[in-house]
Each structure stands twice: as structure tokens, then as C-alpha cells.
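Written below as C-alpha cells is the structure these notes are about.
The values are calculated or read from the model by the stated rules, or taken from the named source; none is laboratory data. Worth saying up front: this structure is predicted, and the values here are computed from it rather than measured. FYI the Cβ positions are ideal-geometry reconstructions off the backbone, even for glycines, and counts take in every protein chain you see. Heads up: the accessible areas ignore ligands, DNA and RNA and are worked out on the full protein's heavy atoms, side chains in. Shrake-Rupley method; radii C 1.70, N 1.55, O 1.52, S 1.80 Å.
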Amino acid sequence: MKLILTEKPSVAVDIARSLGTFNREDGYLKAGDYIVTWALGHLLEIDDSVVPRKWRTEDLPLFPEFRYRVIKSGSKQFNTIKELLQKADSVIIATDAGREGELIARLILMHAGWKEWNRTHRLWTSEALTPDVVRRELNNLKPAKEFDSLYYSALARQHSDWIVGINLTRLVSLKSSDGSVWSVGRVQTPTLKLIVDRDTEIENFKTQPYWVIKALFNKEGDLYEGWLLVGDVPEDIGEEEGEESGEEDRNFRLSRDKALLILKELEGERQGEVISVNRQKKKEKPPLLHSLTSLQREANRLYGLSAKRTLDIAQRLYQDLKVISYPRTDARHLGGSNKELVKKILRELGKEELIGKIDTAGKRVFDDSKLTDHHAIIPLAPLPPNVSADEKKIYDLILRKFIGAFMSDYEYETTTVITRLGRYRFITKGKRDINLGWKVLYQDKEKKEDKLPKLHEGYKVLKVRVSREERKTKPPPRYTEAALLKVMERLGLGTPATRADIINTLLERGYVVRKSKSLMSTPKGKELISKLRDSQVSSPEMTAEWEKELETIYTQKKGKSGYERFLEGIKRFVKDEIGNIKSREFTAPKQATKKMLDLAKSLARETGLKVPKETDFETIKNFIDKALKEKEKQLAEGLGKCMCGGKIIPFKKGWRCESCGATVWHTMFGKKMSKSLAIRLLKGERVYVKGLRSKNGKRYSAYLRIENGKVKPEFSA
């Protein structure tokens, strides 16, 4: 009997279906000579009873011999796997084809007593597990021993994270003033430092005013603008770089006095001359295919989706819908052996006309030297109907990169015009599309042309006007998840599969909050980094080096010896850090009382303001002060006119008309009413509302309107 071990029950069903008819048993599926069983993700966890239950500084550092135990919810399934292994002739590991999937399978097999590694094989593919793929890969199994180093890389990552986390979390928590748990992690703490450093830079930024001068010129009825150059003709600044640096107009900045002097000098000038026209034809190749990180960044930038949400959607598209390839990849290329697969996919997508471009795509698409475990994320089949809006968005991002990779280059022409007025030079830039090529896929969002009149060197132009414009220097933007993921990828912090969880951990631990698309550090997060600023545990560079070492354990086949050397280095590091941190105290921000939080929530309901996610004393106090002023303003000015002409005002339990007394309570028909909804009702609107609850607890939807001062539901259209 051949035993196939998968990571989840749904994958087990996919594989069993590929083998023909199968019978469902308790904890496994039987299909001919195959038995297909499953883990539940991680069935085993590190047994923390190997360390003292009581937290004491004098017990640190803790370097126990690692033992594992079955998770409470997984004991029945683990016992099923153990019994099946006793009857198995061979084992096929079919958990996710990556570092974590390898660890899950190996720990289960070893804990269950399996020792027949010569009769153990690996199913490994980037493609979704369709019946054809499963049958093909079962005939192309690899010896499990080829992946021993991948297992030791995963084990080194798990054990090092545990050692760093348990030692430094205990130490910092014991040294804190509030007795709460202060989580410290090998990757999460350097990532937090990036956010704290950016926030500190913004808080310390001193805005400086400056002025720019622009001129409007007329060439035979065609108008164009130019900007006075202070320095040399600037090179083009990329969109992301310009936004990140805030230096996009650094070549045009003037002091107020200098700007006034130049304006006065140019008052008498009536005519300018075009002294330079530089036209350049340019090509832009299609963007690279998506890795998980690039997909998460684009989804966050365009749609505000979190990294975790994007990963979850991509996993469903891969595992359940089987319309994309394996998503947890850091590659942005395909291998040379994937060309036939690409031809097949293009046919399925109805893009046969692009098949001829496969052989000319070159290493921008097909480059074996850029691959690690998996190739880039690509579509494998058309998207079925009735998927969610977010699933369609993520699929379309992947599809667009894939289709674009085999389209022609984007061709355009740039024009840089220098116009002299008096003794000053003004620059004007224009852009004209020649062939949209792959850009046609982005045309609705990104097409932007700056057309200029036909200008040539030596042309005389009339000055229409010259004016100055005041601007201010800007601090760097706060990190969005897209920007943070880009830096994490560049620094080697985490892996494509773990970066979303790292960001989520910072949010859950109260070190960071999300405000709109931005990530901001909390007082607790700032305090932790302040006290660990000179510590290596907060160093992104140190963590990046560790990630490289973990990767080389697998890529350079270092095996068990690579694992042991890595762990010894981690232990030396932890000893040093404990010595450095022991003398420090960590002061937790004073927290708001329950009474303050209740008042803040009440004021938020009345005024329509949002309560901050931070719960420290200063933040909540500032919010209460702001909300009280807003309430006072709303009481004085009102929120609008009631249908009777009276003033709508907020009060502790809702909103009412000062004249007729018509009232909308904060909670009505089992649903919380919003300020905007209350105002609409009081103004006499008939509003359709979902999620109302009847007296017997059933949900329903209805139109609401005010009649005789009271809100009543109506069910007619």
C-alpha cells in the first residue's frame, strides 16, 4: 500500500479524485493501491514544557533539547496517520511544495516512528493539483532525501525563531513596568524598527517653504507652460522614487526673496526663444511576472488589500479554484521547460495569437538561473463565474502580467523643451504614445500623455505671464503595506510566505496600527525599539544575513551540519543580547481607563468620529478633547435641517430634532444606526437598510422612514 500524506483534507480529495474512484474512511481516502491521508496544517508543536513555566531572569538563556507534541485538536488524525504508516509499503509526501510544507510532513513522519526513508518520495510541483498534473507528477516522483536540506533549513528557522522569541520576550517582559507580555522576534522586531524609524523621521521633519516660478508661453495660439530651472536639466524621476523621496522638484526651488527678484526682472520681458528641443524615442519592456510579494504590493497599492488578505485569496485561487500556479514564490520568471505549459495556457485563455512570441520572450520571462523552488505566479485556466470581487481583482493582476509578458514593447516619444526668457531657462516636458503594446492592458488607469505644440529650436514665443507658486517640503510618506513589503523584500526580511504574518503579528501585538492604507507605530512599539535601538535583534541587516544563511542550508545542501552551525550562532547571539538588555527598563505607555474608553466610544457615536485604535492615555485623552469640541460645535450649528425645519442635534443616546422632537436612537431594530443614516432619516428620506433584526432574532431588510416623530420600517418597494 502506498500512503500519500497531504497538508489539508481538501488537497487529499483532489489527489484521490485524480486516482479514479475512491472510498471515504475515517481520516483517510482509499483509491486502489493508494491511501491518501492528511495533516491539519501543523499537527505537531514544540513542547514548551521543556522550559520553566515561571518566568525568571536568572533562568535565561534557555537552550533546551527540542521535543514535539501533537496539538490537542490533532491527536485523532495523528493516530490515524501513525496506524496507516505501520501498514504502508512506501510514503509519498504531498504537502505544500515549500519550506513549511516539508517541515510539517517530516515532523509527522518522524514523530510517528517512520524510518523507511529509502521508500519515501516527494511530489513537487508549482502547478495546481488538477487530475492531469497529479497523475503526471506521480510518475515523476523525487526521492525524499533530495529535500533533506530543505527540512533542515525549515527546522533551523523554526528553532531559531523559538530560541530568540522565548528568551528575549521573557527578558523584555520581565523588565517592563506593566507586567504585560512584550513580544520580541527575529523578524518582527527589525520590521517594527523600519516603521518606527520612518514615523520618527516624519515627526522630526521640519517643513520648509520654497517657491517655484512658472511661465506661460504662446506659440501662434498654442499655449504651453515652463518651469524655471535653478540647476541643470533634471533627469526623469521614476514615479515611485519621486514619491518616496519628495524631491521631484528639487531643480526648481527658490527662496521667497530670490523668486521676487526674478519676477521683477522678468516683468519687462515680452518674448522668449526656444533654445533646445530634445526628442527621444523610447521603449519600455513588459513588466516581470508576479511573485507573491510583488502581487501583494500591487494589490495593496491599487485596492488597499492587506498582504494577508491577498495571500489568502491567492491560496484559494490556487488550491480550491485551481486557476493559478503555486502562490508562495519569490520568483518572477519561468523556466525554459515551461514553454509548452505556457502555450497550453495561452490556448485555454483564448490568446493563441501570442504563442508565436514565446520563443522571442527571452530571459525576461524564461530564466532558469532566477528560479528557486517555484516559478512565478501565472494563470493556469480561465476564472470561473460567481467568484468574489476581490478574487477577480487578484486573478486579473496575475493574468495582466502574464498576458503582457508576450505582448510588444510600449513605445513612446519624450520631448524636453528649454525656453529662454531674459537670462533664465524654463523647462517643459511632453510625452507622446507611439505604440501602446502591453500598456493597453493598463490603459484605463495609467494612460497619460502630455502633448506639446510643434516647437523647434530658434522659435520665438510670446510670454503670456510669469508667476510664482509657494510650496512646502514634505516628509517621507508613512509606510503602506506595499512600501513595507518592498523594503522587506530588498532587505531579505522574512520570506514571501511569512511577510504577511509578520505584519499581522505587529498589528495584533499592539506595536502598530493601520490608519487607512498607512501603518503607524504605537507608543508601545516606539518604546520597544527605543530600548533595543543598539541591539542586534532590531537590526534589519542582521536578520537579512540570517535569512540568507537559512536559504543556503537548502540551496547549498548543507543538511544537518548547516542546521547545527546556524543554531550555534543563534545561541551565541542570544547570550550576548541578554547581557546587553538585562540592565534596561521598559516603560509601558500609560493606558486609558475603562471609563475613558467608554466615554470615547459614546462621543464617537454622537459625533461620527472614529475612536483611535491605540488605547494609551494620551491618545484617548486627545481624542476625547477633540470629540467634545466637535460635539459642542454640532450642538451649536446643528447637523442639518430636520424635515420640519428644526435643527438636528446629537445627544447621548442618538440624534433628534430640536423643534419637533423626532428621534433616531443609536440602536434600532437590532442594528446600530450611523450618524449619516440618522441625518438622512430626520431630513425626511426613505432609506433602505439591511441587517435589521426582528423580535424573534431573524435578520431582515426594509425601508425606514420617520412618521409622527418615530422611525418605522416599511416592506413595500
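Residue-by-condition table, conditions (1) outside any helix (DSSP H, G or I); (2) at pLDDT below 90:
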position: Leu223; (1), (2): yes, no
position: Trp227; (1), (2): yes, no
position: Gly231; (1), (2): yes, yes
position: Asp236; (1), (2): yes, yes
position: Glu244; (1), (2): no, yes
position: Asn251; (1), (2): no, yes
position: Leu260; (1), (2): no, no
position: Leu263; (1), (2): no, no
position: Ile275; (1), (2): yes, no
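Check region 502-515 and report whether any residue there is open to solvent by less than 30 Å² (accessible area, probe 1.4 Å) and in a strand (DSSP E or B).
yes
Within region 93-101, is there a residue that is over 32 Å from the mean Cα position of the chain (by Cα) and closer than 23 Å to Ile71 by Cβ?
Within region 93-101 (the criterion being over 32 Å from the mean Cα position of the chain (by Cα) and closer than 23 Å to Ile71 by Cβ), the answer is no, since none of the residues qualifies.
Test Arg53 against the criterion of being touching a helix residue (DSSP H, G or I) at 6+ places or on another chain (Cβ under 8 Å), at pLDDT below 95 and of a type in the set (Lys, Arg), and give yes or no.
Criteria not met by Arg53.
Starting from region 265-277, take each residue that is closer than 13 Å to Asn218 by Cβ and list its partners that are aliphatic (A, V, I, L, M) and in a loop (DSSP other than H, G, I, E, B), counting only C-beta distances under 6 angstrom and pairs at least six apart or across chains.
Final answer for the pair search is Val274/Leu455.
Please count how many residues of region 474-494 are open to solvent by less than 30 Å² (accessible area, probe 1.4 Å) and within 17 Å of Ser539 (Cα to Cα).
7
Which condition number does Glu632 fail, the rest of (1) surrounded by fewer than 16 Cβ atoms within 10 Å (Cβ to Cβ); (2) within 36 Å of the chain's Cα centre (by Cα); (3) in a helix (DSSP H, G or I); (4) not aliphatic (A, V, I, L, M) being met?
(2)
So Tyr511 fits all but one of (1) among the hydroxyl-bearing types (Ser, Thr, Tyr); (2) more than 30 Å from Glu284 (Cα to Cα); (3) touching a Ser or Thr at 6+ places or on another chain (Cβ under 8 Å); (4) modelled with pLDDT of 95 or more; what number is the exception?
(4)
Restricting to region 358-398, name every residue that is among the β-branched types (Val, Ile, Thr), out of contact with any strand residue (DSSP E or B) (no Cβ under 9 Å at 6 or more places or on another chain) and not in a helix (DSSP H, G or I).
Thr372, Val387
Inside region 302-339, can you point out the residues that are assigned to a helix (DSSP H, G or I), open to solvent by less than 50 Å² (accessible area, probe 1.4 Å) and in contact (Cβ under 8 Å) with a residue 40 or more places away in the chain?
Ala307, Thr310, Leu311, Ile313, Ala314, Leu317, Tyr318, Gln319
Quick one: in region 665-717, which of the residues that are aromatic (Phe, Trp, Tyr) and closer than 22 Å to Leu639 by Cα is nearest to the chain's Cα centre (by Cα)?
Tyr688
Scanning region 144-180 for residues that are outside any helix (DSSP H, G or I) and in contact (Cβ under 8 Å) with a residue 24 or more places away in the chain, which turns out farthest from Leu317 (Cα to Cα)?
Ser177
Can you tell me which condition Arg656 does not meet? The list is (1) open to solvent by 60 Å² or more (accessible area, probe 1.4 Å); (2) assigned to a loop (DSSP other than H, G, I, E, B); (3) of a type outside the set (Ser, Thr, Tyr), and all the others hold.
(2)
Can you name the condition, by its number, that Ala299 falls short on among (1) surrounded by 16 or more Cβ atoms within 10 Å (Cβ to Cβ); (2) among the small types (Gly, Ala, Ser); (3) touching a strand residue (DSSP E or B) at 6+ places or on another chain (Cβ under 9 Å)?
Condition not satisfied by Ala299: (3).
Output the residues belonging to region 659-680 that are open to solvent by less than 90 Å² (accessible area, probe 1.4 Å), under 22 Å from Lys601 (Cβ atoms) and of a type outside the set (Gly, Ala, Ser).
Thr663, Val664, His666, Thr667, Met668, Phe669, Lys671, Met673, Lys675, Leu677, Ile679
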